[in-house]
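The values are calculated or read from the model by the stated rules, or taken from the named source; none is laboratory data. It should be emphasised that the depicted structure is a prediction, and the values quoted were computed from it without experimental measurement. Ideal geometry is used to build each Cβ from the backbone, glycine not excepted, and the neighbour counts take in all protein chains shown. Heads up: the accessible areas ignore ligands, DNA and RNA and are worked out on the full protein's heavy atoms, side chains in. Shrake-Rupley method; radii C 1.70, N 1.55, O 1.52, S 1.80 Å.
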Amino acid sequence: MAASFDPAPATARGRAARPVGTVTRGTTNTNRLRRMDRWIAHTLGPALLAPDRPPVAVDLGYGAAPWTAVELSARLRAVRADVRVVGIEIEPERVAAALPYALPPLLTFRRGGFEVPLDGGAPAQLIRAANVLRQYEESAVAAVWDRLRGRLAPDGLLVEGTCDEIGRRHVWVAIGPEGPRTVTFAARLGGLGQPSDLAERLPKALIHHNVPGRPVHAFLADFDRAWAAAAPYGAFGARQRWVAACTALSGNWPLVDARGRWRQGEVTVPWTALAP
């Protein structure tokens, strides 16, 4: 059943404040978000290193187990040792279950939702919302994005997307305080049939637009053709085939990354190229 989203805070509607949003299914696995985390560490690294105070990163809706928040903390601390990760869940039982894994002040857990409750109302350098909006109506996405990006630091980043259960296929949108910037497609290349296999993991803002005549459909169709044409490179491995396909794709689409990221099984496109 699809959930609804009311962007107005509860206090504005005359009720006591409560977390904004609805409970997700909560399914999660270790290493599920490793591809997204790897991209975040690369992309957000300079911004993480810049602040005078320890930057704050949020794992919003981490699920029934805290593995993704624990892993995000470890991966970001490899960039900057004093990064503080806050895992936020709307379900009190999930927060209680996560508390034994806390490592204050570097890793903490609290109850909340799209209002992103942080100490003193501080802004976040990063908000990661993975597999959260999948259950919402597409019409709710813009309001959620607006609310979350309003909680970002001036150079902060909201990363919102969807992946499969063990993190083999993942697509996410990177959103700055000004709005959406890019869309990234990432895959475990071994076993990938064709790039359009990633279509089932498109974020909510795009998944219903993967139909003929829409930009995201045209992009994936072109990617499939480039992948097919690069089949001879498969003799050197799936990575070389992916790089060759991305190289060909860059002739028709404004890819914003290059070979170094393609070798990771990623490709990133401006939001404006794929926006509905």
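Structure summary
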| read-out | value |
| --- | --- |
| Where a residue in region 26-39 is β-branched (Val, Ile, Thr) and its partner, wherever it lies, is surrounded by 15 or more Cβ atoms within 10 Å (Cβ to Cβ) and in a helix (DSSP H, G or I), with Cβ under 8 Å and at least six apart | Thr28/Trp67; Thr28/Thr68; Thr30/Trp67; Thr30/Glu71 |
| The lone exception for Val116 - which of (1) among the β-branched types (Val, Ile, Thr); (2) on the phi > 0 side of the Ramachandran plot; (3) in a strand (DSSP E or B) it fails | (3) |
| Options Ala186, Ala199; residue that is more than 22 Å from Val116 (Cβ to Cβ) and in contact with a His (Cβ under 7 Å, 6 or more places away or on another chain) | Ala186 |
| Single match in Arg149, Arg128, Arg110, Arg84 (criterion: over 17 Å from Gly21 (Cβ atoms) and either buried (at least 23 other Cβ atoms within 10 Å of the Cβ) or free of Cβ contacts under 8 Å to residues at least 60 places away in the same chain (or both)) | Arg84 |
| Selection within region 44-63 - outside any loop (DSSP other than H, G, I, E, B), touching a strand residue (DSSP E or B) at 6+ places or on another chain (Cβ under 7 Å) and among the small types (Gly, Ala, Ser) | Ala47, Ala57 |
| Neighbours by Cβ (under 8 Å, 6+ apart or cross-chain): first from region 249-276, on the phi > 0 side of the Ramachandran plot; second in a helix (DSSP H, G or I) and aromatic (Phe, Trp, Tyr) | Gly265/Trp242 |
| Residue in region 218-233 that is touching a residue at least 12 places away in the same chain (Cβ under 8 Å), in contact with a Pro (Cβ under 7 Å, 6 or more places away or on another chain) and over 30 Å from Leu126 (Cβ atoms) present | yes |
| Members of region 179-207 that are within 17 Å of Pro276 (Cβ to Cβ), touching a Lys or Arg at 6+ places or on another chain (Cβ under 9 Å) and either among the small types (Gly, Ala, Ser) or surrounded by fewer than 16 Cβ atoms within 10 Å (Cβ to Cβ) (or both) | Gly179 |
| Among (1) among the hydrophobic types (A, V, I, L, M, F, W, C); (2) assigned to a helix (DSSP H, G or I); (3) closer than 24 Å to Val267 by Cβ, the one test that Leu189 misses | (2) |
| Residues of region 158-178 satisfying the condition of being assigned to a strand (DSSP E or B) and open to solvent by 10 Å² or more (accessible area, probe 1.4 Å) | Arg169 |
| Selected residue (only one of Arg75, Arg94, Arg80, Arg38 is over 19 Å from the mean Cα position of the chain (by Cα), modelled with pLDDT of 95 or more, of a type outside the set (Val, Ile, Thr) and not in a loop (DSSP other than H, G, I, E, B)) | Arg94 |
| Subset of region 28-62 [closer than 14 Å to Ala153 by Cα and open to solvent by less than 60 Å² (accessible area, probe 1.4 Å)] | Leu44, Ala47, Leu48, Pro51, Pro54, Pro55, Val56, Ala57, Val58 |
